[in-house]
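Okay, so here's the structure we're looking at.
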Amino acid sequence: MKIAILSRNKKLYSTRRLVEEAKERGHEVTVIDVLRCYMNITSMRPSIHYRGETLEHFDAVIPRIGASVTFYGTAVLRQFEMMGTYPLNESVAITRSRDKLRSLQLLARKGIGLPVTGFANSPDDIEDLIAQVGGAPLVIKLLEGTQGIGVVLAETHKAAESVIQAFMGLNAEIMVQEFIKEAGGSDIRCFVIGEKVVAAMKRQGAEGEFRSNLHRGGTASLVRITPEERSTAVRAARAMGLNVCGVDILRSNHGPVVMEVNSSPGLEGIENASNKNVAGEIITFIEKNSEPNKTRTRGKG
Ligand code: ADP
Ligand code: MG
């Protein structure tokens with residue numbers, strides 16, 4: 001097969017591993033920087049131009065679109081979809097997953113366990129908002145933050161009030177969430193491919209840090225997940241419409257709760273912690289599932 005990987009950097013671990021495993025299985029693979037793609041969308045025959053040349057046809061495309069390039073990256077991916085290329089994850093599903101609030105609303109609709117979460121727009125509603133999630137301590141999140149940046153723990157009512165006021169004053173979109181203290185600064189990353197959790201790891205935040213992100217100094221280790229956690233992760237992936245994703249779960253007193261679903265989950269942490277060939281499983285999934293014009297949306301969304 002001819003496979004394109006949309007990635008800004010060939011040297012990234014995840015990109016390198018996908019290239020390696022695709023070649024290992026006899027595929028032709030090209031890494032494409034989305035920001036260097038440009039398109040003619042007036043034509044009836046969609047095409048993509050890249051560094052001065054028209055891109056050839058690809059059978060499948062693996063989007064690895066960073067949060068900072070979501071808008072342009074998903075537009076390029078849509079163009080691939082319009083050309084009949086099979087996307088590992090569809091553009092609409094990626095767009096959906098990048099908005100934390102929209103994601104939680106979709107998961108809630110499917111009855112998936114979530115931390116109690118509220119959002120509001122007006123400073124007049126702050127008191128009610130705080131009460132809704134059970135008061136301080138609570139977590140405040142920027143809707144489009146990533147890698148732990150934009151996630152704040154407000155330990156007291158006063159702190160919560162002033163941080164929410166400050167964010168609202170800056171016109172930042174936020175949500176307020178019950179603080180799952182019993183998680184002890186750790187979470188579980190379930191790596192889902194298709195309808196299966198292929199690997200899972202526990203991430204533990206650095207000493208004194210409630211955020212477990214590896215980018216914030218967290219460490220990863222192998223973990224055994226419960227059947228309930230497994231089914232929660234699979235249902236979350238399905239609700240988001242993502243074939244491949246990282247579902248982040250907190251172990252709360254009221255069972256597993258999904259914090260977020262990541263549509264471009266990193267491979268380094270999970271492959272090292274689990275000793276599994278996750279990149280290889282992704283390529284195998286593409287081999288089994290890719291067909292021309294298979295996207296439900298065909299880039300319509
Ligand atoms: P990001 O997209 O920036 O990674 P997350 O929502 O995943 O944002 O939050 C970052 C980290 O903060 C999580 O990995 C988790 O360790 C911690 N965290 C987030 N929300 C909560 C919560 N409601 N209760 C306890 N810890 C949380
Ligand atoms: Mg996270």
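The values are calculated or read from the model by the stated rules, or taken from the named source; none is laboratory data. Here the structure is a predicted model, which means the values were calculated and not measured. Positions of Cβ are generated from backbone atoms using ideal geometry, with glycine treated the same way; all protein chains shown enter the neighbour counts. Remember, those area values only see protein heavy atoms, side chains included, never the ligands or the DNA or RNA. Shrake-Rupley method; radii C 1.70, N 1.55, O 1.52, S 1.80 Å.
Here are some notes:
- Principal axis dimensions, largest first and in whole angstrom, of the stretch 2-89 by Cα: 38, 29, 25
- Helix axis angle, 70-82 relative to the chain longest principal axis, alpha carbon, degrees: 40
- Accessible area expressed per residue, the stretch 182-263, with surrounding protein chains retained (probe 1.4 Å, Å²): 42
- Whichever aspartates and glutamates have a C-alpha closer than 14 Å to that of Lys181, once near sequence neighbours (fewer than 8 apart) are set aside: Glu155, Glu209
- Cα-based helix-to-principal-axis angle, 157-169 vs the chain, degrees rounded to 10: 40
- Karplus-derived HN-Hα couplings along the stretch 31-41 (A = 6.51, B = -1.76, C = 1.60, θ = phi - 60°), whole Hz, x at Gly and Pro: 8, 10, 7, 4, 6, 9, 8, 9, 9, 10, 9
- Whole-number percent relative contact order across the chain, with pairs defined as alpha carbons under 8 Å at least 6 apart: 20
- Cut-off 12 Å between beta-carbons: net charge of the residues surrounding Glu229, Lys and Arg +1, Asp and Glu -1: +3
- Local electrostatic count at Arg36 - Lys and Arg +1, Asp and Glu -1, tallied over other residues with Cβ under 13 Å: +1
- Packing rank of 234-244, 1-11, where each peptide gets the mean count of other beta carbons within 10 Å, highest leading: 234-244, 1-11
- Potential extension, His57-Arg102 segment - 0.36 nm per residue separation minus Cα distance: 12.9 nm
- Put a plus charge on the Cβ of each Lys and Arg, a minus charge on the Cβ of each Asp and Glu, and nothing anywhere else: the dipole of the chain about its Cα centre is then about 880 debye.
- Average accessible surface for the stretch 2-89: 50 Å² per residue, computed with a 1.4 Å probe over protein heavy atoms with every protein chain in place.
- Only Lys, Arg, Asp and Glu carry charge here, each on its Cβ (+1 for the first two, -1 for the last two); on that basis the stretch 182-263 has a dipole of about 220 debye about its Cα centre.
- Split the accessible area of the chain by element, probe 1.4 Å, and carbon with sulfur accounts for 48%.
- Residues His215 and Ser162, FRET efficiency given R0 of 30 Å [Cβ-Cβ distance, rounded to 0.05]: 0.70
- Relative contact order, percent, the stretch 184-268 [alpha-carbon distance under 8 Å, six or more residues apart]: 29
- Separation of the alpha carbons by more than 31 angstrom is noted, of Lys110/Lys294; Lys100/Lys158; Lys10/Lys110; Lys141/Lys196, for Lys10/Lys110.
- Total formal charge among the other residues, if their Cβ is under 14 angstrom from that of Ser252, Lys/Arg +1 and Asp/Glu -1: -4
- You can think of it this way: the chain between Asn272 and Glu182 has 29.8 nm of extra reach, that is 0.36 nm per residue less the Cα-Cα gap.
- The stretch 47-137: relative contact order as a whole-number percent, Cα under 8 Å and 6+ apart: 19
- Relative to the current alpha-carbon distance between Lys288 and Ser122, full extension at 0.36 nm per residue lengthens the span by 54.8 nm.
- Rough spin-label spacing in nm, given labels placed 7 Å along Cα→Cβ, for Tyr72 and Ala131: 4.7
- The chain: calculated mean residue ellipticity at 222 nm from DSSP helix runs of at least 4, using -39500 (n - 2.57): -9500 deg cm²/dmol
- The angle between the Cα long axis of helix 13-24 and the main principal axis of the chain comes to about 30°, on a 0 to 90 degree scale.
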